[in-house]
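Chemist: One structure follows; several queries about it will come next.
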Amino acid sequence: MTAHPAPAHVRHFLDLAPLPAGELRALVDAAHRRKADRGPWFRGQADADAPLKGAVLAMIFQKASTRTRVSFDIAMRQVGGSSIVMSAADMQLGRGETIEDTAKVLSRMVDCVMIRANRHEDVVNFAGAASVPVINGLTDLSHPCQIVADIMTIEERIGEVAGKRIAWIGDGNNVCASFLQAAAKLDYSMAIATPKDYAPRTQEIEAARKAGAKIDVCATAMQAAQGADVVVTDTWVSMGDVDKDARMAAFPAYCVTDKVMAEAKPAAVFLHCLPAHRGEEVSEAVMDGAQSAVWDEAENRIHAQKAVLLWSLGYL
Ligand code: CP
Ligand code: NVA
């Protein structure tokens, strides 16, 4: 068996904000390349170079997941490694063992940890105590892995994301925050329409603008969609949101319908990180229509995770 050296750098993938633009670009390029290089093989067959042969990823979930857990597991198999999936509730973490102690123990047992947490600060604290790379698999504040897959999907459909206009319609949530963090790095602009009480955090918008991105805050979904290359939405009620009734009352004008898509460019792409709620944030016609790239987007989570894993372990 090939012995891989311990990585020279422990690189945590917690947010896109601190990632240099060139490294984010390299991540997306690696994801494209690895997807193109695979043959019509079974999904669990390793890539020819199996760059992370023998590596083990531990995944901790404090919240539900379908795509993130399966795509990371398959990604690990394709780069030559394996994974262990754990629900936080079934771990000693669920009985009060601290985040920091858990991080120290897992750092002695596995090569990388992905954590989906209720509170962003728990992921930051976990990474602070870990001596192996830690990947943010979604928190209340951000979802950086999702954006690598989303950019990849956009580029497959309409070419390089630089210069494109991305309309975010609905809740200014964790996924929106990660789109904002990548805007200046990948040189796209955003038009955002949300109910006023559910806007993205001001600091995210200001940081994106300060970094050089054009971010327009629009009054309506139709305005945000005008001339857009990409229209993106997400659930109105994210995991952990406790104000469902208020949200359901606030959001109906932010459903992505055919009428909204008609404001965008004719070749515009519709994205949704999923899970979707047809008839709420997106109409059935848009979700299942020709402009929707949501199934490619879900598949691309695998290719994107491979790039994130390689970067985190110092192989990219
Ligand atoms: N998009 C996404 O992260 O999906 P899961 O919640 O199913 O992992
Ligand atoms: N914003 C959603 C994304 C789910 C993948 C949530 O946090 O629940």
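The values are calculated or read from the model by the stated rules, or taken from the named source; none is laboratory data. Just so you know, these numbers come straight off a predicted model, no measurement behind them. Cβ coordinates were reconstructed from backbone atoms using ideal geometry, including for glycine residues, and neighbour counts include every protein chain displayed.
Chemist: Only residues that are under 23 Å from the mean Cα position of the chain (by Cα) and closer than 13 Å to SER292 by Cβ: list them for segment 245-260, please.
Modeler: VAL256 - this is the single residue of segment 245-260 that is under 23 Å from the mean Cα position of the chain (by Cα) and closer than 13 Å to SER292 by Cβ.
Chemist: Follow-up. Within segment 186-245, take every residue that is β-branched (Val, Ile, Thr), in contact with a Leu (Cβ under 7 Å, 6 or more places away or on another chain) and in contact (Cβ under 8 Å) with a residue 40 or more places away in the chain and give me the one that is nearest to ligand 2 (Cβ to nearest atom).
Modeler: VAL232
Chemist: So is ILE158 more than 11 Å from the chain's Cα centre (by Cα) and either at pLDDT below 95 or surrounded by 24 or more Cβ atoms within 10 Å (Cβ to Cβ) (or both) or not?
Modeler: no
Chemist: Among the residues of segment 268-315, write down those that are among the charged types (D, E, K, R), touching a Cys at 6+ places or on another chain (Cβ under 8 Å) and assigned to a loop (DSSP other than H, G, I, E, B).
Modeler: GLU280, GLU281
Chemist: If the requirement is being touching an Asp or Glu at 6+ places or on another chain (Cβ under 7 Å) and either touching a residue at least 24 places away in the same chain (Cβ under 8 Å) or away from ligand 2 (no atom under 16 Å from the Cβ) (or both), which of these qualifies: ILE158, ILE154?
Modeler: ILE158
Chemist: Restricting attention to segment 94-117, report how many residues are assigned to a helix (DSSP H, G or I), modelled with pLDDT of 95 or more and more than 23 Å from the chain's Cα centre (by Cα).
Modeler: Matching residues across segment 94-117 total 9.
Chemist: Restricting attention to segment 130-144, does a residue exist that is more than 16 Å from ligand 1 (Cβ to nearest atom), at pLDDT 95 or above and not in a loop (DSSP other than H, G, I, E, B)?
Modeler: Yes: segment 130-144 contains one or more residues that are more than 16 Å from ligand 1 (Cβ to nearest atom), at pLDDT 95 or above and not in a loop (DSSP other than H, G, I, E, B).
Chemist: Which condition from (1) more than 15 Å from ligand 2 (Cβ to nearest atom); (2) aliphatic (A, V, I, L, M); (3) assigned to a helix (DSSP H, G or I) is the one that ALA167 breaks?
Modeler: Answer for ALA167: the failing condition is (3).
Chemist: Going by the structure shown, is VAL308 over 22 Å from ALA30 (Cα atoms), buried (at least 24 other Cβ atoms within 10 Å of the Cβ) and of a type outside the set (S, T, N, Q)? Let's see the steps before the verdict.
Modeler: Values: over 22 Å from ALA30 (Cα atoms): no; buried (at least 24 other Cβ atoms within 10 Å of the Cβ): yes; of a type outside the set (S, T, N, Q): yes.
When the stated conditions are applied, VAL308 does not pass them.
Chemist: So, one more: Looking at ALA26 and the list (1) in a loop (DSSP other than H, G, I, E, B); (2) in contact (Cβ under 8 Å) with a residue 60 or more places away in the chain, which single condition is not satisfied?
Modeler: It is condition (1) that ALA26 fails.
Chemist: Residues that are surrounded by 16 or more Cβ atoms within 10 Å (Cβ to Cβ), away from ligand 2 (no atom under 16 Å from the Cβ) and small (Gly, Ala, Ser): does segment 264-272 have at least one?
Modeler: yes
Every residue, every condition in (1) part of a loop (DSSP other than H, G, I, E, B); (2) away from ligand 2 (no atom under 16 Å from the Cβ); (3) among the aliphatic types (A, V, I, L, M), yes or no:
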| residue | (1), (2), (3) |
| --- | --- |
| LYS35 | no, yes, no |
| GLY39 | yes, yes, no |
| ARG43 | yes, yes, no |
| ASP47 | yes, yes, no |
| LEU52 | yes, yes, yes |
| THR68 | no, no, no |
| ILE74 | no, yes, yes |
